[in-house]
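None of the figures in this text is laboratory data; all of them are computed from the coordinates on show. Note that the structure is predicted; figures quoted are calculated from it, not measured. A quick note on method: Cβ atoms are made from the backbone with ideal geometry, for glycine too, and the neighbour counts reach across all protein chains shown.
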Amino acid sequence: MLEGNTSNSRSERILIVDDQATQRKKMSLAVTTLGYDVTSAADGKSALKMLRESEFDLILLDILMPEIDGFGVMEFLKKDSVLSEIPIIVISALDSEMDSVVKAISLGAQDFLPKNFDPILLEARINASLEKKRARDLELDYLSEVNRLADAAATLESGHIDPKRLGLEAMCKREDALGNLARVFTRMASEVYERERRLRQQVRTLKSLGLLLACGVVTGLGVVLTRIAALETSSPLGMVLWVNIVCAIVCFGNVLVRGRSPVINFRLIPVFALWAIFTAVMGEAVVFWVAQHLQASYISLILVCEGFIVFAFASIIKIEQATFKRLIGFLIGMTGVLMVVMTTQGTGAVGGLHWAALAMLAPLGYAMRAILLTLKLPDSIDMVTATGWSAVASVLFLIPIVTMRGDFVALNVDFTNGTGVLVLVVLLYGIVSATGVSMRVHLIRSAGAVFASQSAFVITFAGIAWSMILLGEKLPWQAWVALGLLVVGLLLVGPKEEAEEIDPITKLDHEL
């Protein structure tokens, strides 16, 4: 049997447990008159049920009750770390139950009251018990805050965590010594974190710049190899097919040598399919096609457009900010692109202007690949494995097209009459493609699409240098002016400041 009576005068809740209805009602009325929120229970079993379901600040407990007596209730509460903190005042007949009172005190009761209590005594003992509980609650809260601060320090020591994520704001607002300690701790931790963040950013930037230069040099060689292959065969799709077969073999061979398994995530199949279209068809096949009509150095100049196209896409989808300086850089870069296209008219190539315009599909495809990988490629996948599967997707996409068009390229390994050049080009270009794309994917994931796209002008310089060294090509002064505009434009567009790495999620993050 449960009874309740509520008053809103005070916030503390008191549970009265007594099997005698008259005594229970008498006690409830007296406590309610004092302004407390009162609930009563007719036996120990009902009281334990209520204590498990609700929160109470004080228990007035009779000892002699059926089923579960007062001692049973107290022994149960003593085993619970939370309920054991609730103060208990035992209700005693004093003369006949003094031994029981002593036993109750030994079990954790804070005080006792005679059943024939004086209202003034009742109020005094309830106030005294609640005052002790308030002091204990403050002590526990203080210790909890100290432990939180200690845990926060341990978390900062174990990983790169932004102190703002530790949830110490409320503690810092305290006016006591602990609040002052929390403020000092947070300020010092923030200063250390900011210094380490800047250092990590500088290290990441240097690594990314090194990788960007390496990627540009390697990929720039690929442009020259494309020109060499284009002079040997007129089947661009057939050459792209062979290059991707070699690329897949190189990538998966690398993965197996490193003791890893090239497992595919089937949810990424659409990503690899689009990757294949953007890279193999819009990129490599177009470059092979126009390389039959344009010098490798001009193709290299056109490929630098990737940086501007990526910036345009990134600005539209709000992953980059289109500031005034960057917009000026974009316009300067586009002026340089126009000069490159117009300059091709003087190269002697038939329809040079048209082929240069068509060549613009290649940087467009590479730019779309960069945005795709930024948005859809998970960080958990191995970059070489991802490159291998994109090459497989390209092969599967090209086989039916090459078969229908009759563009399959037969590779002759007879080097005595010079016909084995294509074999060398395919092998070397496959290795270059696997290496260059893997490095580009790593750049995209670690530094962002716009930063990675800056390798385009490294590719341009490298491609021009390789074409001059290996093919003896030369550029007119107009092309050099256009290159200057492209470089200025890219420097103004530039990648945004590197994003801060995500803090590791620790147990403390969830607790706070």
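Over all directions, what mean area does the Cα convex hull of segment 245-379 project, stated in square nanometres?
Details: hull surface 40.3 nm².
Answer in nm², one decimal: 10.1.
Under the classification rounded if a/c is under 1.5, otherwise prolate if a/b is larger than b/c and oblate if not, where does segment 34-84 fall, given a ≥ b ≥ c as square roots of the Cα gyration tensor eigenvalues? Please report the intermediate quantities before stating the final value.
Numbers: a/c = 1.74, a/b = 1.17, b/c = 1.48.
Because a/c hits 1.5 or more and a/b fails to exceed b/c, segment 34-84 counts as oblate.
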Worksheet, complete the sentence: Projecting the Cα atoms of Ala47, Ser100, Leu83 onto the charge dipole of segment 2-138, where Lys and Arg contribute +1 and Asp and Glu -1 at Cβ, the residue farthest towards the positive end is Leu83
Worksheet item: Can you work out the FRET efficiency for the pair Leu375 and Ser84, with r the C-beta to C-beta distance and R0 = 51 Å, to the nearest 0.05?
Response: 0.40
Worksheet item: In whole angstrom, how far apart do the alpha carbon centroids of segment 217-296 and segment 66-143 sit?
Response: 80
Worksheet item: Order of 225-231, 473-479, 104-110 by packing, highest average Cβ count within 10 Å first?
Response: 225-231, 104-110, 473-479
Worksheet entry | Two-decimal Rg to Rh for segment 2-138 - Kirkwood Rh, Cα set | 0.92
